[in-house]
Amino acid sequence: MEDLILKLKQEIIEVLNLEDVKPEDIENDIPLFGEGLGLDSIDALELIVLMEKNYGIKLKDPAVGKEIFKSINVMAEYIKNNRTK
Amino acid sequence: MLGIKNWINLNSSSVFFKGTRIATDAYGKDLLVSLYRKYINGYPKFFKMDPLSRLGFVACELLFNSEKVETLQTDNLNEDSCLILFNKSASLANDKIYNETIDNENYFPSPSVFVYTLPNIVTGEIAIKNKIYGETSFYVIDELDATTIFNVVSSSMSDTNNNRCICGWLECSNEDNFNAILLMIDKTSDTLFNIENLRNILNYK
């Protein structure tokens with residue numbers, strides 16, 4: 001699980017162009033949106049693409065996406081249980 | 001009468017401010033990042049921008065930075081300013097990048113790249129950062145033409161709500177090949193804003 005979390009942080013930093021952010025700067029439990037990393041709605045769409053491209057997970061229901069992107073821990077847990085690649 | 005207060009020429013390998021070369025240590029897209037880190041900073045949105053927006057953003061910030069130094073302003077006051085830009089390739093640089101994300105065998109369209117597939121997005125980025133509340137326009141024309149730019153800018157500046165205009169050429173064919181020649185026009189500066197002076201600046205090498 002630790003490996004997946006680190007990989008996920010690296011992927012998020014790359015795909016969202018968080019140039020000055022390092023994996024260790026992202027806490028596992030902080031919200032990714034709003035107060036946490038300060039991501040916006042376009043970033044959310046980019047995370048949906050990331051989930052499909054890298055893990056074969058298609059998120060069709062926006063409400064599910066809102067739950068999954070609560071934190072790195074929640075996201076990693078969902079990937080672990082639903083990945084197809 | 002309209003005057004030219006400041007101008008900047010920023011291309012892939014060099015930066016000139018009012019004809020004086022500024023020392024640089026990088027080329028192409030790395031040059032823009034280098035200038036951002038050296039003179040701007042504190043605006044992480046820069047790294048999410050497309051090549052054209054990065055170019056316009058950096059060129060404008062350098063233009064505004066000189067203004068802050070000259071007037072001892074601590075913040076930009078641009079409520080009576082307008083922004084009018086021109087180029088010939090529209091958002092081609094970013095369009096190519098987006099096209100790569102919709103390759104048939106690897107079809108993952110990028111939302112964050114897609115939002116920049118219009119050239120006028122750069123005017124929005126600059127206006128948001130600098131609180132420019134006046135006109136923002138982006139014209140795509142066949143070639144760099146001083147007369148066209150002069151006529152459009154003069155017309156906009158005839159509006160009494162506009163006391164200052166950031167205008168000029170912002171061309172970017174790909175992330176390593178670009179040329180920005182931006183001018184700050186106002187109603188008080190001594191260097192006359194006319195076609196001849198504008199042409200000299202636009203053709204400055």
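The values are calculated or read from the model by the stated rules, or taken from the named source; none is laboratory data. A quick note: this is a predicted structure, and the numbers were derived from the prediction, not measured. FYI the Cβ positions are ideal-geometry reconstructions off the backbone, even for glycines, and counts take in every protein chain you see. The protein model used for the area step is the full one, side chains on, heavy atoms only, and it has no ligands, DNA or RNA in it. Shrake-Rupley method; radii C 1.70, N 1.55, O 1.52, S 1.80 Å.
Summary table below
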item	result
Number of positions in the range B:45-68 that are among the polar types (S, T, N, Q), more than 14 Å from chain A (Cβ to nearest Cβ) and in contact with a helix residue (DSSP H, G or I) (Cβ under 8 Å, 6 or more places away or on another chain)	1
The range B:93-125 - residue that is in contact with a strand residue (DSSP E or B) (Cβ under 6 Å, 6 or more places away or on another chain) and not in a loop (DSSP other than H, G, I, E, B) and, of those, nearest to the other protein chains (Cβ to nearest Cβ)	B:93
Among the residues listed as B:62, B:85, the single one being of a type in the set (A, V, I, L, M) and open to solvent by 10 Å² or more (accessible area, probe 1.4 Å)	B:62
Residue list for the range B:26-44, restricted to those being of a type in the set (Gly, Ala, Ser) and either touching a helix residue (DSSP H, G or I) at 6+ places or on another chain (Cβ under 8 Å) or loosely packed, with under 14 Cβ neighbours inside 10 Å (or both)	B:26, B:42
Pick from the range B:1-25, criterion open to solvent by less than 30 Å² (accessible area, probe 1.4 Å) and not in a strand (DSSP E or B), ranking: nearest to residue B:182 (Cα to Cα)	B:19
Residues located in the range B:125-155, provided they are of a type outside the set (Lys, Arg), open to solvent by 30 Å² or more (accessible area, probe 1.4 Å) and closer than 22 Å to residue A:16 by Cα	B:128
So residue B:105, is it out of contact with any Cys (no Cβ under 9 Å at 6 or more places or on another chain), open to solvent by 80 Å² or more (accessible area, probe 1.4 Å) and modelled with pLDDT of 90 or more	no
Residue that is within 20 Å of residue B:187 (Cα to Cα) and hydroxyl-bearing (Ser, Thr, Tyr), where the choices are B:89, B:110, B:155	B:155
Residue check, residue B:122 modelled with pLDDT of 95 or more and open to solvent by 60 Å² or more (accessible area, probe 1.4 Å)	no
Of all residues making up the range B:151-174, the number that are among the acidic types (Asp, Glu) and modelled with pLDDT under 95	1
Pick from the range A:11-63, criterion charged (D, E, K, R) and open to solvent by less than 50 Å² (accessible area, probe 1.4 Å), ranking: farthest from the other protein chains (Cβ to nearest Cβ)	A:11
Answer residue from the range B:167-192, given it is open to solvent by 50 Å² or more (accessible area, probe 1.4 Å) and not in a loop (DSSP other than H, G, I, E, B) and is nearest to residue B:5 (Cα to Cα) among those	B:192
